[in-house]
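S.K.: A single structure is presented below for examination.
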Amino acid sequence: MALPATIREYRSQGVSHHDFIIQNVTLSKPRTNEVTIKIHAVSLQYRDLAVSKARYPGQKEKPVPCSDGAGEIVAVGKDVKGWKIGDRVSPNFALDHIHGDVTEAIKNTGLGGQIDGVLREYINVPAHSLVRIPDYLTYEEASTLPCAALTAYNALHGPVPLKGGDYVLVLGTGGVSIFGAQIALASGATVIITSSSDAKLEVAKKLGVQHLINYNTNPNWEDEVLKITQGRGVDHIIEVGGIDTIQKSMKAVRYAGQVHIIGYVSGGDSGIPIRPAIHKAITFRAILIGSVTQFEDMNRLFITRQVHPVVDKVFPFEEAIEGYSYLESQKHVGKVVIKVTKN
Ligand SMILES: NC(=O)c1ccc[n+]([C@@H]2O[C@H](COP(=O)([O-])OP(=O)(O)OC[C@H]3O[C@@H](n4cnc5c(N)ncnc54)[C@H](OP(=O)(O)O)[C@@H]3O)[C@@H](O)[C@H]2O)c1
């Protein structure tokens with residue numbers, strides 16, 4: 001396939017997604033250790049909204065947005081082994097997070113934040129960052145995996161992996177939480193989900209989630225969780241709420257249970273109360289996405305259980321700004337996707 005001399009890319013202007021520009025830039029050849037990926041689809045994260053406003057810690061100025069993309073290899077650097085033209089791939093969220101613990105140097109390779117991201121037609125990335133897309137997934141589905149799915153997987157299959165029969169609580173129906181529910185169900189857990197909306201809870205029910213709680217009509221949802229678990233509390237919590245939810249999560253978790261500190265959609269730092277945490281022997285584990293190795297492990301689970309990501313809405317490349325606005329409105333369940341190619 002002949003590669004184009006120039007390609008289109010979005011570039012943030014550091015104010016909001018409404019100010020994004022599309023520009024034509026030269027497509028450089030891959031370095032010897034890199035491949036060129038033709039991006040077919042990109043998915044949006046809560047983080048992308050923060051980056052668009054220049055509010056993400058450590059981000060570069062005016063980056064090409066977005067961390068999560070899926071596409072096909074169209075050129076291969078001369079030292080690359082194990083990958084060929086036509087392979088369907090995603091780059092990992094942090095390009096250099098191959099395995100093991102995150103470090104500052106690894107964090108600084110985060111696509112669409114610390115370095116330029118994937119909201120463009122082609123990208124060159126090092127071969128060590130690549131993960132093969134499962135055959136049964138479309139590019140739109142596969143584009144949702146690098147951040148939201150891997151974060152939920154890292155939580156639930158980290159150092160204290162969930163066991164079949166565990167209770168898992170996920171907060172809200174956004175990207176990370178819906179993947180948390182799907183991974184937990186695929187691993188034999190019972191799932192409790194909270195949401196602002198009964199209509200969104202119905203989507204979770206169709207996925208097989210057993211217990212649904214509307215936190216607007218039932219603001220003391222932690223009591224409901226305790227009732228469901230006969231007073232014991234849940235084994236794992238996907239904690240994306242932050243300040244408005246952390247104390248309720250601490251009531252809902254079982255003694256010596258796992259609270260995975262992932263996000264703060266209700267705003268600000270949560271100020272975890274130390275004494276109640278100690279007296280319940282709660283483990284808090286903050287998560288920063290995941291590695292290539294964990295991504296490959298997750299894909300094996302997805303393939304075995306044929307997990308299909310929940311794609312709420314797909315926007316064409318030219319309407320990425322509308323896609324961001326839709327994400328910001330929080331009307332979605334699961335993931336919002338940008339289709340970069342026409343077919
Ligand atoms: N640490 C990491 O590695 C990592 C990775 C990915 C994401 N994150 C963070 O995780 C959070 C979620 O990200 P995402 O991409 O899944 O977001 P998202 O798709 O935009 O989902 C946000 C959802 O959160 C729910 N929500 C809003 N306010 C809430 C509240 N007060 N209590 C409970 N739920 C509430 C809403 O669902 P309902 O209407 O159903 O309630 C909303 O749709 C963000 O803070 C993000 O930065 C962290």
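The values are calculated or read from the model by the stated rules, or taken from the named source; none is laboratory data. Owing to the predicted nature of the structure, the values given are computational and were not obtained by experimental measurement. Here the Cβ positions follow ideal geometry from the backbone for every residue, glycine too, while neighbour counts run over all protein chains shown.
S.K.: Residues ILE213, ILE243: which one is at pLDDT below 95, of a type in the set (A, V, I, L, M) and either within 21 Å of ARG275 (Cα to Cα) or in the same structural domain as LYS280 (by TED's automatic domain parsing) (or both)?
M.R.: On the way: ILE213 fails: at pLDDT below 95.
Among ILE213, ILE243, only ILE243 is at pLDDT below 95, of a type in the set (A, V, I, L, M) and either within 21 Å of ARG275 (Cα to Cα) or in the same structural domain as LYS280 (by TED's automatic domain parsing) (or both).
S.K.: Scan the strands (runs of 3 or more DSSP E) fully inside the range 3-78 and keep the ones with 2 or more residues being over 23 Å from PRO126 (Cα atoms) and without any contact (Cβ under 8 Å) to a residue 60 or more places away in the chain. Spell out how you get there, then give the answer.
M.R.: On the way: elements: 6-11, 21-26, 34-43, 68-76.
Once the strands (runs of 3 or more DSSP E) in the range 3-78 are filtered for at least 2 residues that are over 23 Å from PRO126 (Cα atoms) and without any contact (Cβ under 8 Å) to a residue 60 or more places away in the chain, what remains is 21-26.
S.K.: For ALA152, all conditions in the list (1) out of contact with any strand residue (DSSP E or B) (no Cβ under 9 Å at 6 or more places or on another chain); (2) within 11 Å of the ligand (Cβ to nearest atom) hold save one; what is the number of the exception?
M.R.: (1)
S.K.: In the range 187-235, what residues are in contact (Cβ under 8 Å) with a residue 60 or more places away in the chain, within 16 Å of the ligand (Cβ to nearest atom) and within 19 Å of the chain's Cα centre (by Cα)?
M.R.: LYS200, VAL203, ALA204, LEU207
S.K.: Taking ALA41 and the conditions (1) surrounded by fewer than 16 Cβ atoms within 10 Å (Cβ to Cβ); (2) of a type in the set (Gly, Ala, Ser); (3) touching a helix residue (DSSP H, G or I) at 6+ places or on another chain (Cβ under 7 Å), which numbered condition does it fall short on, given that it satisfies the others?
M.R.: (1)
S.K.: I'd like to check which helices (runs of 4 or more DSSP H) are fully inside the range 123-223 and have at least 3 residues that are more than 29 Å from HIS99 (Cα to Cα). Outline the logic, then answer.
M.R.: Values: elements: 139-142, 150-156, 175-186, 198-207.
In the range 123-223, the matching helices (runs of 4 or more DSSP H) lie at 198-207.
S.K.: Which residues, taken from the range 137-187, are on the phi > 0 side of the Ramachandran plot and surrounded by fewer than 21 Cβ atoms within 10 Å (Cβ to Cβ)?
M.R.: Let us first name the residues in the range 137-187 that are on the phi > 0 side of the Ramachandran plot, namely 165, 172.
Passing the criteria: only GLY165.
S.K.: Identify the single condition in (1) within 8 Å of the ligand (Cβ to nearest atom); (2) without any contact (Cβ under 8 Å) to a residue 60 or more places away in the chain that ALA184 does not satisfy, given that it satisfies every other one.
M.R.: Here ALA184 clears every test but (1).
S.K.: Would you please list the contacts, defined by Cβ atoms under 6 Å and residues six or more apart or on different chains, that run from a residue in the range 257-270 that is closer than 8 Å to GLU239 by Cα to a residue that is surrounded by fewer than 18 Cβ atoms within 10 Å (Cβ to Cβ)?
M.R.: VAL259/PHE284; HIS260/ARG285; ILE261/PHE284; ILE261/ALA286
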